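Here is the structure we will look at, set down as structure tokens.
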Amino acid sequence: MGGPGGGADEGRGRGRGGSLLSPFISERVRGEISRAASLQPLPSELRQQQHDDDPRLLGHPRAPDYDRSQWLSDKFKLGLDFPNLPYLIDGAHKLTQSNAILRYIARKHNMCGETEEEKIRMDILENQAMDVRLQMARICYSPDFEKLKPGYLKEIPEILKCFSEFLGKRPWFAGDKLTYVDFLAYDVLDRNRIFEPKCLDEFPNLKDFITRFEGLKKISAYMKSSRFHPNPMFLKIAVWGNK
């Protein structure tokens with residue numbers, strides 16, 4: 001994605017955690033869902049691992065000489081309905097669009113909520129997280145970043161207050177069980193924590209959520225591994241979060 005509104009093909013780098021799509025769903029989020037599940041790894045996760053090890057991949061952190069032609073040469077040969085990055089091929093299933101991929105993996109691991117209330121909360125939070133990501137991305141990609149930054153810093157407390165009140169005393173955002181929206185929420189909270197390190201100090205339940213999430217056995221192991229890339233958060237054309 002070339003910027004907050006561009007298509008993935010336009011990008012010249014990868015987003016956070018080795019992401020091919022920014023500022024929406026990162027590959028880190030999808031990878032973390034697979035690792036957090038108690039089931040055995042999906043074939044799609046194995047494919048993702050192959051991608052991570054392939055330096056030809058568009059924007060791969062270890063590929064300084066990548067270019068778009070490496071993706072464009074394969075783009076229309078994969079049998080994708082809407083050819084784009086990222087894509088996932090799991091047996092007979094071929095998907096593009098980051099949220100479609102996210103939900104597909106989550107359904108595989110029963111991480112889509114159980115009750116109607118949980119599903120409603122997930123729908124709300126998924127879209128709210130996307131709005132906040134886009135809001136942050138517009139600033140970070142803007143050539144007027146330094147002028148816009150103070151205004152966004154003033155908005156962060158109100159943004160986080162809404163997340164804090166929505167979480168309440170629940171361990172996870174949908175309820176008592178981990179769901180895929182917790183990965184989205186973590187990503188948003190962590191981005192803002194990096195942007196303003198003290199922003200969570202007034203919201204102990206959000207800090208507890210961060211600690212709880214990072215303490216998940218498979219998440220903890222992943223974040224300590226060489227495959228975890230905390231940065232960059234945005235593409236190279238961004239003014240902030242591009243390194």
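Ordering THR96, THR179, THR115 by the number of other Cβ atoms within 10 Å of each residue's own Cβ, fewest first, gives THR115, THR96, THR179.
Taking each residue as 0.36 nm, the span from GLU116 to ARG68 lengthens on full extension beyond its C-alpha to C-alpha distance by 13.0 nm.
Can you sort HIS93, HIS229 so the residue with the fewest Cβ neighbours within 10 Å comes first?
Final ranking by Cβ density, sparse to dense: HIS93, HIS229.
Rounded to the nearest 20 debye, the dipole size of the range 116-220 about its Cα centre is 280 debye, using +1 on the Cβ of Lys and Arg and -1 on the Cβ of Asp and Glu.
What the phi angles of the range 97-113 give under the Karplus curve with 6.51, -1.76 and 1.60, with θ = phi - 60°, is a coupling list of 6, 4, 5, 5, 5, 4, 5, 4, 5, 5, 4, 4, 10, 6, 10, 10, x Hz, glycine and proline written as x. For ARG68, no residue whose modelled amide H falls within less than 5 Å of its own remains once neighbours fewer than 5 places apart on the same chain are excluded. Rounded to the nearest Hz, the phi-derived 3J(HN,Hα) couplings of the range 151-166 under the Karplus curve 6.51 cos²θ - 1.76 cosθ + 1.60 (θ = phi - 60°) are x, 5, 4, 6, 7, 4, x, 5, 4, 6, 4, 5, 5, 5, 5, 5, where x marks glycine and proline.
Taken together, the values in this text are just the output of simple stated rules run on the coordinates, not laboratory data. As the structure is a prediction and not an experimental result, all values here were calculated from the model. Here Cβ is always computed from backbone atoms with ideal geometry, including for glycine, and neighbour counts include all displayed protein chains.
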